[in-house]
Amino acid sequence: MDAIKNLLTRNASSKLTMPMPSSEQMQIVYQAALRSPDHAWLRPSSFIEVSGKGLEKLSKIFEKYAKENVPDLTDEKLAKYREAPFRAPMIIVLVCNIQEHPKVPPIEQKLSTATAAQNILLALHAMGFAGYWRTGKLAFHGDIESHFGLEKHQAILGYLYVGTPTGKQKTIPTMQVEEYVETWN
């Protein structure tokens with residue numbers, strides 16, 4: 001796919017099904033992710049790829065998190081946490097490994113992981129797959145990392161749900177660039 005077309009047509013797709021990318025395709029996707037901007041070559045990004053029986057393991061993590069952290073948890077809410085991983089055949093957990101560095105603050109390292117996520121989504125789109133990025137309580141709550149066995153210096157920045165798009169896709173609006181860009185000449 002042409003690079004500019006890829007950038008202008010990538011769209012989040014919430015209806016995802018099989019097939020998911022092969023391990024060979026995911027090698028290319030991760031190579032693209034690791035090309036994200038990275039001040040001082042810290043390589044802060046890592047990924048947990050979840051599919052197959054791993055989705056059941058992730059479901060148990062989400063369920064445990066909900067039971068320990070969600071007030072007034074109803075059976076209906078608990079079921080949503082439990083079923084969340086099954087919205088797509090693959091989920092990529094975005095992990096930022098924050099390092100102490102005199103010139104690279106933690107926010108810059110998180111931004112590097114965020115750009116890695118965008119590269120993943122663009123690479124998937126170029127291959128005919130799709131995905132969407134989820135954050136919220138399951139990404140930004142301090143306790144969630146412990147359920148994954150991560151260390152204090154590691155932060156989850158979100159979950160990329162990945163698969164083949166199905167159903168009607170959202171129309172991509174044409175943006176009026178002038179509304180978003182101020183030019184200084």
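The values are calculated or read from the model by the stated rules, or taken from the named source; none is laboratory data. Please read all numbers here as calculations on a predicted model, not as lab measurements. With ideal geometry, Cβ positions are generated from the backbone for all residues, glycine too; neighbour counts draw on all protein chains shown.
Of the residues that sit in the stretch 139-154 and are of a type outside the set (A, V, I, L, M, F, W, C) and farther than 14 Å from ILE98 by Cα, which one is surrounded by the most Cβ atoms within 10 Å (Cβ to Cβ)?
We begin by selecting, within the stretch 139-154, every residue of a type outside the set (A, V, I, L, M, F, W, C); these are 141-143, 145-147, 149, 151-154.
Right, trim to farther than 14 Å from ILE98 by Cα and you get 141-143, 146-147, 149.
Numbers: HIS141: 14, GLY142: 9, ASP143: 11, SER146: 12, HIS147: 19, GLY149: 9.
Applying the filter and picking the extreme gives HIS147.
Once the stretch 1-39 is narrowed to residues that are charged (D, E, K, R) and part of a loop (DSSP other than H, G, I, E, B), the residue that is nearest to ASN97 (Cα to Cα) is ASP38. Keeping to the stretch 52-63, report how many residues are out of contact with any Pro (no Cβ under 6 Å at 6 or more places or on another chain) and either surrounded by 15 or more Cβ atoms within 10 Å (Cβ to Cβ) or of a type in the set (S, T, N, Q) (or both). Adding up the residues that qualify gives 3. Output the residues belonging to the stretch 118-145 that are more than 14 Å from the chain's Cα centre (by Cα) and among the aliphatic types (A, V, I, L, M). ALA126, MET127, ILE144 - these are the residues of the stretch 118-145 that are more than 14 Å from the chain's Cα centre (by Cα) and among the aliphatic types (A, V, I, L, M).
Within the stretch 50-57, is even one residue part of a loop (DSSP other than H, G, I, E, B), of a type outside the set (S, T, N, Q), without any contact (Cβ under 8 Å) to a residue 12 or more places away in the chain and more than 22 Å from GLN118 (Cβ to Cβ)? Scanning the stretch 50-57, I find at least one residue that is part of a loop (DSSP other than H, G, I, E, B), of a type outside the set (S, T, N, Q), without any contact (Cβ under 8 Å) to a residue 12 or more places away in the chain and more than 22 Å from GLN118 (Cβ to Cβ), so the answer is yes. PRO105 fulfils the conditions (1) without any contact (Cβ under 8 Å) to a residue 60 or more places away in the chain; (2) surrounded by 13 or more Cβ atoms within 10 Å (Cβ to Cβ); (3) within 15 Å of GLU56 (Cα to Cα) except for a single criterion, (3). Cβ-Cβ contacts under 6 Å between residues 6 or more apart (or on different chains), taken from a first residue in the stretch 2-21 that is more than 13 Å from HIS125 (Cβ to Cβ) to a second residue that is exposed (fewer than 12 other Cβ atoms within 10 Å of the Cβ) and modelled with pLDDT under 95, are listed as LYS15/GLY167. Taking residues in the stretch 168-179 that are assigned to a loop (DSSP other than H, G, I, E, B), and partners anywhere that are not hydrophobic (A, V, I, L, M, F, W, C), the pairs with Cβ atoms closer than 7 Å and at least 6 places apart or on different chains are GLN169/ASN11; GLN169/SER13; LYS170/ASN11; ILE172/THR9; ILE172/ASN11.
Output yes when any residue across the stretch 68-77 is outside any loop (DSSP other than H, G, I, E, B) and within 28 Å of GLY167 (Cβ to Cβ), and no when none is. Give the steps one after another, and end with the answer.
Here is the first cut: in the stretch 68-77, the residues outside any loop (DSSP other than H, G, I, E, B) are 68-69, 75-77.
After this cut, where a residue has to be within 28 Å of GLY167 (Cβ to Cβ) as well, the list is 76-77.
For the stretch 68-77, residues outside any loop (DSSP other than H, G, I, E, B) and within 28 Å of GLY167 (Cβ to Cβ): present.
Which ones in the stretch 83-97 are touching a residue at least 60 places away in the same chain (Cβ under 8 Å) and in a strand (DSSP E or B)?
Our first condition is that a residue be touching a residue at least 60 places away in the same chain (Cβ under 8 Å); within the stretch 83-97, this holds for 87-96.
Of everything in the stretch 83-97, those that are touching a residue at least 60 places away in the same chain (Cβ under 8 Å) and in a strand (DSSP E or B) turn out to be MET90, ILE91, ILE92, VAL93, LEU94, VAL95, CYS96.
Applying the selection to the stretch 135-167, what residues are over 13 Å from VAL93 (Cα atoms), part of a loop (DSSP other than H, G, I, E, B) and touching a residue at least 12 places away in the same chain (Cβ under 8 Å)? The answer is HIS141, ASP143, HIS153, THR166, GLY167. Please verify whether ALA123 is on the phi < 0 side of the Ramachandran plot and without any contact (Cβ under 8 Å) to a residue 24 or more places away in the chain, treating the condition exactly as stated. It is false that ALA123 is on the phi < 0 side of the Ramachandran plot and without any contact (Cβ under 8 Å) to a residue 24 or more places away in the chain.
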